[in-house]
Each structure stands twice: as structure tokens, then as C-alpha cells.
Amino acid sequence: MKSTIDGTGQGGHSSIRISMGLAFICALAFLVILAVAGCTSDDPNLVGTALVTDHVDTVLFALGTEQVIQYSAIRVDNPDILIHQQEVLYIGEQGGTRSGSIIANYDFSDIFSNEYPETLFTVENIQSVKFSLTKLKFYSASEGEDGTGHPVDLFYQVQEMEAPFVSADFEDYPVTDPPVGVGPFLNSDFAVANIHDEPLLPFYDAVDFLGWIANRESVGIIVTLGAQSDPGLVGFASSELTHFRELSDLFVGTVPEPNFVVVFNDPSIENFLLAPYADTSSFEEVPDPPADADGGFLLRTGLRSYPALNFDLTGLPPNAFINRALLSVTIDTTISFGNLGSIVVLEWDVAGFGDPYRTMDLDVLTDAIPRGRNRYSFHVTGQNALDPTRNTIVQFDITQAILRIINQVYTGTRGLLLTAGEDFFPEGLSTSVNPDFYYREFRFMGAAAADQAQRPQLKITYSVVNELEGEGN
């Protein structure tokens, strides 16, 4: 039995070696046939070999072009989210932008219920009336103390307005007729620094509040900051807020918008909360972006402004083979502000640049979603989680864009447009909120920056393709 098993095993291994050898010879012969074959329907021959002698030069050349021959600052409006419909209320001043107040309208005509009957709202029953705001997590006091530059010490001033504000007056920016308060401050702590993430501003007494109820009034309330407040923009939840993850866990499930809090003497009665029927930021001052790229340019969210650049590519030889192309921009972290954001690069028809400004609706950008070429633009690339206060030089691989531009794969001339991570771009799908939400500014060094390395530029490496030489057409 043993000898039979050994003999069979030895014979089997020998057969496998022979079969593998034959297979290798057959495969090699097949590859040779493929190498000399012409058309698949022809017999094997040498047609097509040794006719072309062109080659790509192995030397890599570098081209750094920083000459911006066209520039535009494009204002992008979202008609679906007007100023008074934004999820965040801003107050303060930063980078030339000023929202001097938060305003809110309240309806006292029908606030009663079985739980809170009209008889409950008397001076004898009410312990205190307070006005409540809720900071977004990004603007919390702990974030400010961490060196991000957010305002920490704020002196809130609450007043009544002559009348409730009209939403139509806050559909655009800057607001030409800023709201103002009348009469004395209603809160008793306006001279005290407040660092809380949910400032509860106590009223002097309940008299004004009860008067509004008695008269069934519609009342406008304005919140401003005292001159001694820390500088900077700070954001609070509005009545339009839907992205509650942007609040601290402590506030999820509460009424985060500006609201009245009535505390009763009877501890068994829960606090009465009155939310506004409308609220908005005032945005009295929103500076125009720079008129040219020499002194710097910006990318702004919240109130969108997107820069467009067209570089001089005449330094590229006509027979250049692009190995790599990078767009390099330098963020001026000393004047930029806001939380992490995305930057997207699009090819953009220079016919749509503007000179130097242009305004367009957001839906024009939807033509740039990555599904192919179109009449306006083409999505190239982008980066997420960029910090305007810490990231400096940012580079984008735009090799394919430069190839399309120099090869003229479409009619017209295209430059580059920098946008935020809109939700119809791949970069926007990984962010928690749309660019309407946070007010941020990426300020970039300009084309005339003293340090040449900080200027916006294209960094292109290329090889030279020799002329084709052959024996036939």
C-alpha cells in the first residue's frame, strides 16, 4: 500500500510540472501573437510597429504663475433663506461686519391656556421675568477662553422698539434703516458682564410684561451690546434653528430662540416660556470684498461672497504634457475668523466673472455639480475642515482642470472659482450645516503680497512632448 501511494504521488508531481511548462510556453506564444497582431480579424503581422518615434521628455519643467489677469468677487444669494430666515442670530462687530442688534417680535394677544390662565399673570403671582438667549456651541464661553477670539464678556441691553419689525425690511443686506430701541433698558443687569452660554437677563420688574399682556399687544424687542463688550461677532439660536446639534447638549430640547421666561412664586407651576413669531440679525454693515486681487481677496459664508481668479498660462509651451498642477492660496489668519469650513474649486467661465463684482442666485452654482461639463462650470476638487484662524498655505490639486483649460475642451475661457462646501458638492455632504449657517471669512493674501510665496499662484510641473515622427499618416 505504501509503495503504491509513493509511486502515484511521484508520478502526479511530474505530470503537474510538465503541464505547467506547456501552459507557460503556450501563454508566451499567445502574447507574442498579440504583440505583432494588427486588427483582430487579420492574420498576425508586424503592421504598426516601428512607425512612431515620438517620446515624452523625461525632464520635468516647473512653471509658477502668479499673474492674475482676471478677478471677480461674486455675491451669491440664496432666495430661499433671507436674512430674517437664517438659523443663527448674530450680534457684534468683526472684520468690518457689524450686526448691532438682535431683534424679535412677540404676540401677547393669545398666550393663555388651561395650564396658564389669564388670572395667573399678576404681580402677586410672578416672581421674575427674564429674557433668554442661547449661544451656539461654537461661540460658547469655553471656546472663547480657548483662544479662538470669540467674545466672552458681553453687556446685554434689552429695550422695547417703537413697533415690531417688518420682515420685508430684512430680506437684504446691509440694512439701510437700522432698528432702534425706545425708553430705558428693561433688564436690570445691563451694566454687568455676562459670560454665560444661556444669558438670562432679569427685568427690573414684571410691570412692562404684564402691560403687554393686558393690552394684547404685539411687541418688538431689541438686544444690543454695551460699548465695554468684547469685540467680535457671536451667534445665537434663532426661531428658524433646525440644526440642534450645533447647540451644547445642555440646551437640546429647550426653547433656544430669544424667549421670555416667567418664574412664578408657586414652585409647583412650571416656568412660562414665550417664543417670538419672528426674529433677525440687523446687519447694518457688511463690507464689499476687495475690488482687485492685488491687496487680497476673501471667501465668505453666512452672507456668501466667492472669489474667482484667472491666471496667465501663456508661459506653458504648446506641446506641454501636464504632470501636476496645484492652486496655492495663503490664508491671512490674523484677520480671518469663524469655525472650520470647506473650500471647493470650480472651473468657471470667465464670461460670468463680473467686473469686479457680480451677484447671482445660489441655483446658478448647482450647474457645477460633478456630473459633467455644462455651460457655466465644472467641479474640480475641494478640502474640508479648514480653519480660517490656523491654516495658512492651502494647496488644491487642479491638474485635470488645467488639462481641460489648455486643451480647450469647451467653448470659451475658464478660470477658477472658490466656493464653500455647498450641499450639492461632495465636500458639502460631509459637513453638518450649509454655508448659510455660520458667518466666517477666509481672507487670502493678494497677488501683490510682499512675500512672493504667499501670493495666489499656480504651480505646474510639465514635460515636453516631441513632435511625432513616422513613416505614414
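The values are calculated or read from the model by the stated rules, or taken from the named source; none is laboratory data. All of these numbers come straight from a predicted model, not from anything done at the bench. Every residue, glycine as well, gets a Cβ built from its backbone with ideal geometry; the counts of neighbours run over all protein chains shown. SASA here: full protein model, heavy atoms, side chains in, ligands and nucleic acids out. Shrake-Rupley method; radii C 1.70, N 1.55, O 1.52, S 1.80 Å.
Within region 443-459, residues that are over 17 Å from residue 73 (Cα atoms) and of a type in the set (Ser, Thr, Tyr) reach no partner that is in a helix (DSSP H, G or I) and modelled with pLDDT under 95 with beta carbons closer than 7 Å at six or more positions or on different chains. Of all residue pairs spaced 6 or more apart or on separate chains, those with beta-carbon atoms under 6 Å, a first member in region 243-270 that is free of Cβ contacts under 8 Å to residues at least 40 places away in the same chain and a second member that is aliphatic (A, V, I, L, M) are 244/252. Restricting 401, 449, 420, 453 to residues that are surrounded by fewer than 14 Cβ atoms within 10 Å (Cβ to Cβ) and among the hydrophobic types (A, V, I, L, M, F, W, C) narrows the list to 453. In region 461-469 there is at least one residue matching the filter, namely being of a type in the set (Asp, Glu), at pLDDT below 95 and either open to solvent by less than 60 Å² (accessible area, probe 1.4 Å) or farther than 30 Å from residue 92 by Cβ (or both).
To keep it simple, each residue is scored yes or no on (1) of a type in the set (Val, Ile, Thr); (2) assigned to a strand (DSSP E or B); (3) over 16 Å from residue 301 (Cβ atoms); (4) in contact with a Ser or Thr (Cβ under 9 Å, 6 or more places away or on another chain).
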position: 379; (1), (2), (3), (4): no, yes, yes, no
position: 385; (1), (2), (3), (4): no, yes, no, yes
position: 389; (1), (2), (3), (4): yes, no, no, yes
position: 410; (1), (2), (3), (4): no, no, yes, no
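Within region 124-146, does at least one residue satisfy the condition of being open to solvent by 60 Å² or more (accessible area, probe 1.4 Å), out of contact with any strand residue (DSSP E or B) (no Cβ under 9 Å at 6 or more places or on another chain) and either of a type in the set (Phe, Trp, Tyr) or not in a helix (DSSP H, G or I) (or both)? Yes: one or more hits. Can residue 216 be described as among the basic types (Lys, Arg) and at pLDDT 95 or above? The answer is yes for residue 216. Of the residues making up region 241-286, those that are charged (D, E, K, R) and either surrounded by fewer than 16 Cβ atoms within 10 Å (Cβ to Cβ) or assigned to a strand (DSSP E or B) (or both) number 6. The residue pairs whose first member lies in region 158-178 and is in contact (Cβ under 8 Å) with a residue 12 or more places away in the chain and outside any loop (DSSP other than H, G, I, E, B), whose second member is open to solvent by 40 Å² or more (accessible area, probe 1.4 Å) and not aliphatic (A, V, I, L, M), and whose beta carbons are closer than 7 Å, counting only pairs six or more residues apart or on different chains, are 158/185; 159/183; 159/185; 160/183. When each of 311, 264, 260, 283 is tested for being modelled with pLDDT of 95 or more and under 22 Å from the mean Cα position of the chain (by Cα), the lone residue that passes is 283.
In region 317-338, is there at least one residue being of a type in the set (Phe, Trp, Tyr) and more than 22 Å from the chain's Cα centre (by Cα)? Yes, the conditions are met somewhere in region 317-338.
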